[in-house]
Structure formats: structure tokens, C-alpha cells
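Presented below is the structure to which this report refers.
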Amino acid sequence: MSVLRLVIGVVLGFALGLGVVIVGDALNHTLFPPPPLVQWAEHVRTAPVQALIALPIAYILAAIVAAFVASKIARRTWAGWIAGGFLTGAMFVNLLFVAH
């Protein structure tokens, strides 16, 4: 039963963390609408700091949420590290495959 708790904790932690990123990104796009892709490079150079810092803050909050939820459900502290690690891996995949 403890392995099942571990798996459920990590999966739910990751899912809720991902939800925090999605909400943060949607809020950022509402406050600072992104331009068309052809103007993206200019937008990144001239965008206000608030528009650029919001997503990293969302990722930090998501990692905290993922770690907290996974640790509480699995009843093991290291389950939070696993969920946070998966979320960090997803962030790096996002940075590699989406033009920034």
C-alpha cells in the first residue's frame, strides 16, 4: 500500500504543480498579451520585467505545491523531491522545445 501512496502522491503533486504553471501562464497572458510569433524576439527585448518574471515565479510556486502535495500524500519527504524533479524536468523540456 505504501508504494501506491508514493505513486499517487508523486502523480498528484506533479499534476497540481502543472496546474499552477498553467494558471500562472494564463494569468500572465491575460495581463501581458503575447505578440504574434514573428514579433516575439522584439517583445522579449522590450517587455516589462513583470511580464518576464511572472512565469519563473509560477514555476517556483508550482515546485513548492508539487513537493508539498507529494510529501503529504506519500508520507515521505523524498516524494516531494521526485515530484519537484519531474516538474523541473518538464520546465527544461519547455525551454528546449518552445521558442523563447
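Residues in the range 11-25: is at least one over 20 Å from Trp81 (Cβ atoms), open to solvent by 80 Å² or more (accessible area, probe 1.4 Å) and either in a helix (DSSP H, G or I) or touching a helix residue (DSSP H, G or I) at 6+ places or on another chain (Cβ under 8 Å) (or both)? So far as the range 11-25 goes, yes, one or more of its residues are over 20 Å from Trp81 (Cβ atoms), open to solvent by 80 Å² or more (accessible area, probe 1.4 Å) and either in a helix (DSSP H, G or I) or touching a helix residue (DSSP H, G or I) at 6+ places or on another chain (Cβ under 8 Å) (or both). Cβ-Cβ distances below 6 Å connect the following pairs, each with a first residue in the range 33-44 that is under 16 Å from Leu55 (Cα atoms) and free of Cβ contacts under 8 Å to residues at least 24 places away in the same chain, a second residue that is outside any helix (DSSP H, G or I) and open to solvent by less than 60 Å² (accessible area, probe 1.4 Å), and a separation of six or more residues or different chains: His43/Pro35.
Residues of the range 60-98 that are among the hydrophobic types (A, V, I, L, M, F, W, C) and open to solvent by 80 Å² or more (accessible area, probe 1.4 Å): Ile60, Leu61, Ile64, Phe68, Trp78, Trp81, Phe86, Phe92, Leu95, Leu96, Phe97. On inspection, Arg5 qualifies as surrounded by 14 or more Cβ atoms within 10 Å (Cβ to Cβ), out of contact with any Asp or Glu (no Cβ under 7 Å at 6 or more places or on another chain), of a type in the set (Lys, Arg) and part of a helix (DSSP H, G or I).
The values are calculated or read from the model by the stated rules, or taken from the named source; none is laboratory data. Predicted, not measured: the structure shown is a model, and the values here were computed from it. Quick reminder, even Gly has a Cβ in these numbers, built from the backbone with ideal geometry, and neighbours come from all protein chains shown. Ligands, DNA and RNA are excluded from the accessible area calculation, which covers all protein heavy atoms including side chains. Shrake-Rupley method; radii C 1.70, N 1.55, O 1.52, S 1.80 Å.
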